[in-house]
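Chemist: One structure coming up, written as structure tokens, with questions to follow.
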Amino acid sequence: MHEEGSELRKDELNSLSYEIIGLAIEVHKPLGPGLLESAYNECLFYELKKAGLYVEREKTLPIIYKDIKLEYGYRIDLLVENKIVIELKTVENFTPVHFAQILTYLKPGNYPLGLLLNFHSKILRNSIKRFINTTQ
């Protein structure tokens, strides 16, 4: 059985993720593949802010190992509305390490959704992976 609140949240996350993907495609169309990841990061950050979304760049997450807490263990490329982790890549192909990386970010931050975007692709929509945090 689904609670009404969880359905609304799912719809909100879907809507937000589609908006983000649309903005990413808007960035990719004029720039194409071949730039550094930092260039796409800056441009997408600009578009997300311009769209009125709350965005944090290079958001840090601590690593906790036994009795040690490393404050700057992980750095999320972009975090949108404190809900969606965006990890940008400029690689030939995604690898299992890229998938593990974004899943690792979702769990400690308890973020419900992650988007892995590869701007090295000729057509960006063919290089987007969506990840759901199943531990929530």
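Chemist: If I filter segment 90-103 for residues that are in contact (Cβ under 8 Å) with a residue 60 or more places away in the chain and of a type outside the set (Gly, Ala, Ser), do I get at least one hit?
Modeler: No - not one qualifying residue is present in segment 90-103.
Chemist: Among the residues of segment 115-134 satisfying the criterion of being over 18 Å from residue 27 (Cβ atoms) and either small (Gly, Ala, Ser) or in contact with a helix residue (DSSP H, G or I) (Cβ under 6 Å, 6 or more places away or on another chain) (or both), which is surrounded by the most Cβ atoms within 10 Å (Cβ to Cβ)?
Modeler: This residue is 131.
Chemist: Tell me, yes or no, whether segment 63-73 has at least one residue that is surrounded by fewer than 20 Cβ atoms within 10 Å (Cβ to Cβ) and either under 16 Å from the mean Cα position of the chain (by Cα) or of a type in the set (Gly, Ala, Ser) (or both).
Modeler: yes
Chemist: May I pose another question? Scan segment 7-26 and tell me whether some residue there is of a type outside the set (Val, Ile, Thr), exposed (fewer than 13 other Cβ atoms within 10 Å of the Cβ) and in contact with a Lys or Arg (Cβ under 9 Å, 6 or more places away or on another chain).
Modeler: Within segment 7-26 (the criterion being of a type outside the set (Val, Ile, Thr), exposed (fewer than 13 other Cβ atoms within 10 Å of the Cβ) and in contact with a Lys or Arg (Cβ under 9 Å, 6 or more places away or on another chain)), the answer is no, since none of the residues qualifies.
Chemist: Here's another thing I want to ask about it. Of the conditions (1) under 23 Å from residue 132 (Cβ atoms); (2) out of contact with any Pro (no Cβ under 8 Å at 6 or more places or on another chain); (3) without any contact (Cβ under 8 Å) to a residue 40 or more places away in the chain, residue 113 fails just one. Which one is it?
Modeler: Single failed check for residue 113: (3).
Chemist: What are the pairs, 6+ residues apart or on separate chains, where a residue within segment 42-59 that is of a type in the set (Asp, Glu) has its Cβ under 9 Å from a residue that is part of a helix (DSSP H, G or I)?
Modeler: These pairs meet every condition: 47/23; 47/24; 47/26; 47/27; 58/41.
Chemist: Quick check on my filter: what residues within segment 90-123 are over 19 Å from residue 58 (Cα atoms) and of a type in the set (Lys, Arg)?
Modeler: 122
Here, each number is a calculation from the coordinates, and none is a lab measurement. Keep in mind the model is a prediction, meaning the values are calculated, not measured. Methodologically, a virtual Cβ is constructed for each residue, glycine included, from the backbone with ideal geometry; neighbour enumeration extends over all protein chains shown.
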